[in-house]
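S.K.: Encoded as structure tokens, here's the structure I'll be asking about.
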Amino acid sequence: MNGKKLYRSESDRMLCGVCAGIAEYFGLDPTLIRLAWAFLCCFGGTGILAYILAAIIIPTQSSVQ
């Protein structure tokens, strides 16, 4: 294991910091994750529920350290 942890970002957040945290974990641009999530919300319908669940389940950056 490489020691990476998934957390909600507190510095680069729009709503709850879920997309920025996921982007940092995978080493991607947060804008790409936000666009993918918006696509899921508009065309898949499951994006809103998934975002709410992720915001509840994923801890914040300060509680991880």
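S.K.: Looking at (1) part of a helix (DSSP H, G or I); (2) loosely packed, with under 11 Cβ neighbours inside 10 Å; (3) small (Gly, Ala, Ser), which one does residue 11 not meet, given that it meets all the others?
M.R.: If we test residue 11 against (1) part of a helix (DSSP H, G or I); (2) loosely packed, with under 11 Cβ neighbours inside 10 Å; (3) small (Gly, Ala, Ser), just (1) comes out false.
S.K.: State the number of residues belonging to segment 14-45 that are assigned to a loop (DSSP other than H, G, I, E, B) and either in contact with a Gly (Cβ under 8 Å, 6 or more places away or on another chain) or of a type in the set (A, V, I, L, M, F, W, C) (or both). Can you show your working first?
M.R.: Residues of segment 14-45 that are assigned to a loop (DSSP other than H, G, I, E, B), as a first pass: 14-17, 27-29, 45.
Subset that is either in contact with a Gly (Cβ under 8 Å, 6 or more places away or on another chain) or of a type in the set (A, V, I, L, M, F, W, C) (or both): 14-16, 28.
Qualifying residue count, segment 14-45: 4.
S.K.: Sort through 48, 52, 57 and tell me the only one that's of a type in the set (Val, Ile, Thr) and at pLDDT 90 or above.
M.R.: Going through 48, 52, 57 in turn, just one is of a type in the set (Val, Ile, Thr) and at pLDDT 90 or above: 57.
S.K.: Among the residues of segment 46-62, how many are in contact (Cβ under 8 Å) with a residue 24 or more places away in the chain, part of a helix (DSSP H, G or I) and open to solvent by 30 Å² or more (accessible area, probe 1.4 Å)?
M.R.: Residues that pass the stated criteria total 3.
The values are calculated or read from the model by the stated rules, or taken from the named source; none is laboratory data. Bear in mind that the values here come from a model prediction, so they are computed numbers and not experimental data. Reconstructed Cβ throughout: ideal geometry from the backbone, glycine too, with neighbour counts over all protein chains shown. We work out accessible area using only protein heavy atoms, side chains counted, and drop any ligands, DNA or RNA first. Shrake-Rupley method; radii C 1.70, N 1.55, O 1.52, S 1.80 Å.
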